[in-house]
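Working notes, structure below.
Here, each number is a calculation from the coordinates, and none is a lab measurement. Please read all numbers here as calculations on a predicted model, not as lab measurements. Note that we place each Cβ from the backbone using ideal geometry, even for glycine, and neighbour counts take in every protein chain shown.
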Amino acid sequence: MDLSLLEGTFDLAKGPSASTQIYDYLRAKIVSLEFTPGTVLPRPELARFFNVSVTPVRDALLRLEEEGLVDIFPQHATRVREVDLDSARHAQFLRLALELEVARTLASQEDSSVPARLRQLVETQRSCWARKDVEGFIAADQEFHRHLFTAANAERLWHTLRARSGNMDRLRRLHLPLNNKAESVLRQHAELVDAIEQRDPALAEDRVRRHLGGTLSQLNDLRNTYPQYLKE
């Protein structure tokens, strides 16, 4: 994508710092693959678009570099990186460790409102997929997993995890149209809710393992389908 095609300006909101808002905006574009690997992110063009100096733009790009989403070349341009598979694996390892404990915690509780809310989110996902609303499906997916952490009094860990999951999120988005992935997600979410509702911690852990292992187990297909997006 050529960022020179961006027209007008983006009005930053009051409250969060300019660099945080710029980071959030660019990260969302990268994770959604609207900014594909190789997209150049020129600081002057971004500063014009956000109507700020280059300083908050630089700070936002440094955060994206730390997360492994961009490469910054001194005295040259910044470009969006390919999906780093090592980074994705590390994020998945962390997520599995955390979500196993979250699932066990929820399946040990007696709060019927948790599975009820999770079922609502599964149905929201199902409805989004039926009408081909991919962005809505992904947003509901994120809300489903966030609610697991919130219900287990671990929402701060969710935010920590999200800040390290950019590459894994891109990989999941690439996987979504392949191998009936969306249907598998819906089924596995429903099975996890069943395990929580049945108050079966061991079963809940098993459902999490099955659910979170899907994308990385399909790396060969992803490499063959999207060779230009992935980096070992």
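Annotations
- Rg and Dmax [Cα atoms of the chain; Å; Rg one decimal, Dmax integer]: 19.0, 58
- DSSP-assigned coil residues among trypsin sites (Lys or Arg not before Pro) in segment 183-232, each with at most 14 further Cβ atoms within 10 Å: ARG199
- Under the criterion of Cα pairs below 8 Å and six or more residues apart, the relative contact order for the chain equals 24 percent.
- Cα long-axis angle, helix 85-107 against the chain (0 to 90 degrees, to the nearest 10): 40
- The phi torsions of segment 69-79, fed into the Karplus equation with coefficients 6.51, -1.76 and 1.60 and a -60° offset, translate into couplings of 9, 9, 10, 10, 9, x, 6, 10, 7, 9, 10 Hz, rounded to whole numbers, with Gly and Pro shown as x.
- Nearby lysines by direct alpha-carbon distance to LYS132 (threshold 27 angstrom, same-chain neighbours under 8 apart not counted): LYS29, LYS181
- Cα centroid separation - segment 183-232 against segment 48-74, whole Å: 33
- Amide H contacts for THR39 (H built 1.01 Å from N in the peptide plane; partners 5 or more residues away or on another chain; cut-off under 5 Å): VAL80.
- Annotation: amide H-H contacts under 5 Å for VAL83 (H modelled 1.01 Å from N, sequence separation of 5 or more, or interchain): LEU230, LYS231.
- Principal-axis tilt of helix 166-175 within the chain, Cα atoms, nearest 10 degrees: 70
- Kirkwood estimate for segment 3-81, i.e. one over the average of 1/r between Cα atoms, Å: 12.5
- Distance between the modelled labels on PHE93 and ASP111, one decimal in nanometres: 3.1 nm (7 Å Cα→Cβ projection).
- Helix 181-197 axis versus longest C-alpha principal axis of the chain: approximately 50°, rounded to the nearest ten.
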